[in-house]
1. Given a Förster distance of 22 Å, report the FRET efficiency between residue 87 and residue 53 from their Cβ-Cβ distance, rounded to the nearest 0.05.
2. Compute the distance in nm between two label points, each set 7 Å from the Cα along the Cα-to-Cβ direction, one at residue 74 and one at residue 352.
3. Equivalent-ellipsoid semi-axes (√(5λ), Cα gyration tensor) for region 131-214, whole Å, largest first?
4. So which trypsin sites (Lys or Arg not before Pro) in region 7-88 end up in coil per DSSP with only 16 or fewer other C-beta atoms within 10 Å?
5. Using θ = phi - 60° and the Karplus curve 6.51 cos²θ - 1.76 cosθ + 1.60, what whole-Hz ³J(HN,Hα) does each residue of region 499-515 get, with Gly and Pro shown as x?
6. So how much slack lies between residue 517 and residue 417, counting 0.36 nm per residue of separation and subtracting their Cα-Cα distance, in nm?
7. For residue 506 and residue 530, compute 0.36 nm times the residue count separating them, minus their Cα-Cα distance, and round to one decimal in nm.
8. Obtain the nm distance between the two label points defined at residue 260 and residue 134 by a simple spin-label model: each point lies 7 Å from its Cα along the Cα-to-C-beta direction.
Amino acid sequence: MGNVWAFILLIGPLIIIHELGHLIAAKLVDVKAPRFSIGFGPPLLKVRLGETEYCLAPILLGGYVRLLGQDPSERIAPGEADRALNAKPLWARMFVLGAGPAANLLLPILIYFLYFLTLAPTSLPPAIIGTVVDGTAADQAELLPGDRIVAIDGEDVRSWGDMSQRIAEAPGRELRLQIERDGERIDRVVTPQKTMQRNALGVVTPVGRLGVLRRFYAPQVGIIDEQSSAFAEGLRTGDVITSINGEPVRTIEELERMLEGTGDGLVRLTYLRAEPVVGPLGTYLYYESAHAQLLPRKDEDGRLSTGLLAANTFVRSVAPDSPAGRAGLQAGDHILEVDGVPFTKWEFLEEILRQKQQKPITLTVQSLGERRPRQVELAQELRKWRDVYKQDRESLWFGAEPYEKWILAPPEPIRGRFTYALTSAIEQTGSVLSMMWTTLVQMVTFERNLGELSSVVGLYSVAGTAAEQGPSDFLLLMALLSINLGFVNLLPIPILDGGHIMFFTIEAIRRKPLGQRAREISFAVGLVVIILLLLVALRNDVMRYVL
C-alpha cells in the first residue's frame, strides 16, 4: 500500500496541475469548460461550481478538461457558439492547449525553488582551492592551494559549484580570475583547458577544466626505499605526519616545503598510524601517535632525502579481479610515470584514464624493496550495474585506489538565499529540459535505443523507492516527472497537446484548417504511435522490475 499511496501522491498533483493549466487558460479567453476530471472512468465524486462539473474518477492515470467545441463534430447550442474553442482566434486556441504543458514546466521551478530554499543545505562549499594538479591551466596561471576565487570576469562567485560551472562552460576561452590570497586580492588570467567529456547521456561535449580540487591532501606519506632513514625509524606508507620540529603540519604541500627547509639537518617529527580495532559496532580505525628522528641520507641520485613521499602517488588497494589486479598492480606500489610522463598526483592518472577511456595505458611502478621500477600495461573495463531505482548504469573500471586522506574547507552560509534558490530552480529546470531534448534527438537518430523507455509500472516502482529515500528525493522526482510530462505533451504528435498546436500552426500558414479526413488519419497514426511506445515501455518495465 505504501507504493500505491506514493504513486497517487506523485502522479495526482501533476495531473491536476496540467488540467488546471488548460482550465484556467480556457476561462481567461472565455471558452466554456463543462467538465474537469481527475482520472478516467465513471465519476466517483462530482461537484458543480458554476458552469463546470468537477469529477474524481477511479482510473488515476490521467485526467481531462472537456472544452466546448474541442470535438469538431460536437453540436453546440446557438447561444454558446461564440464560447466554443473552435470559434476562438488561433492565438487563443494555442494558448488554451499550450497552458497544460506550460503549467507542468512551471511547477518544477516552484518545486526546485522550495527545495533549494528549505530542504537543500543552507551552506555551500566555498571556491577555495585545495589542490592544484600539475601541468594544468591552474598550474600555468600560478594558482596555489588556499587561494579563494572571488570573481570570474567581474562577476561574483558564490560557491565551488558556481565556479566549476563557469569554468566548464568556457573551454579554451580566456577568463580573468580575481583571487584572494593572504588577505590580498590579485588578478590572474587563465584559459581553461578544452577537454572532450561524455555527459550523463553519453554525448561527447567540450568542457573547460581548470585543474583544481576542493580537497586539501593531509600530510600522509608513502615509503618505497627500505634503505631510507624513514623506513629505518619505523615509518610506513599511510602514516600521517602531524608536526615537523615542533611545527604543526596540515597539508602535504606544507610537509614538502618544511622538509626542503630542513636541508641536511635532523628532522624530528610526530606521526599518526591508523590501527584497525574490532568493536561491538564493527571495525573502526584507532590513530596512535608516535615520534621519530630522521637524518637525511643520499639516495641513488646523490640527493639528500628522508625517504618520505606523498602517499597520493601510492596504491592503497587493488580489487583482485580488476584490470589493475590482473595487470599485476599491487597494494603499496608507487606509481612513477603514466605513459612516460612523471606522476605527482593521482588526479593526473584519473585525467589520463578519462581521456583514454578503454584504450591501454602504461604505468611505471615500483614496489617496496624493489631496486628497479617495472612497467604495467592495462586498460579500463566497462562495468554495469543497477542503482536503487533499478536503472541500468555503467562506468569505466580501473580497480585500484590510492591513499587519499584529505580535508575540506568548511562550507559557508549561502549569500542571498532567495535569489540563489530562484536562480538554481530555473537553471535546474532548463538543464533537465536540455537533457530530455538531447535524449529525444538520440532516439530519433537511433543513437539511443527504446530500451530506456519506462511506463506506469516503472513509475509505480520508482515512486515507492523515492518515498523510502525521503521527502527531498520524492519532491525532486515529482519535479523531474512534471518536466517530462510538459515536454512530451508539447511534442507534435496528434492526440497530444503539441499535436493540436501543430494543427493550429498549419492552419495559420495555410489560412484554413486541415480537412476532417486528414485530421482523422493523423489522430489514428498518433494513437498507434503512442500505443506502440507504451507497449515497448511496458515490456521494458516488466523485464526490469518483474522478471
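Here, each number is a calculation from the coordinates, and none is a lab measurement. Every value quoted in this text rests on a predicted model; they were computed, and no experiment measured them. Note that we place each Cβ from the backbone using ideal geometry, even for glycine, and neighbour counts take in every protein chain shown.
1. Efficiency computed from Cβ-Cβ geometry: 0.50.
2. 6.9 nm
3. Taking √(5λ) for each eigenvalue gives 22, 13, 11 Å, largest first.
4. 75
5. After applying 6.51 cos²θ - 1.76 cosθ + 1.60, I find x, 5, 4, 4, 5, 5, 5, 4, 4, 5, 6, 7, 6, 6, x, 5, x Hz.
6. Contour length minus the Cα-Cα distance gives 30.4 nm.
7. That pair, residue 506 and residue 530, stretches by 6.5 nm at full extension.
8. 1.2 nm
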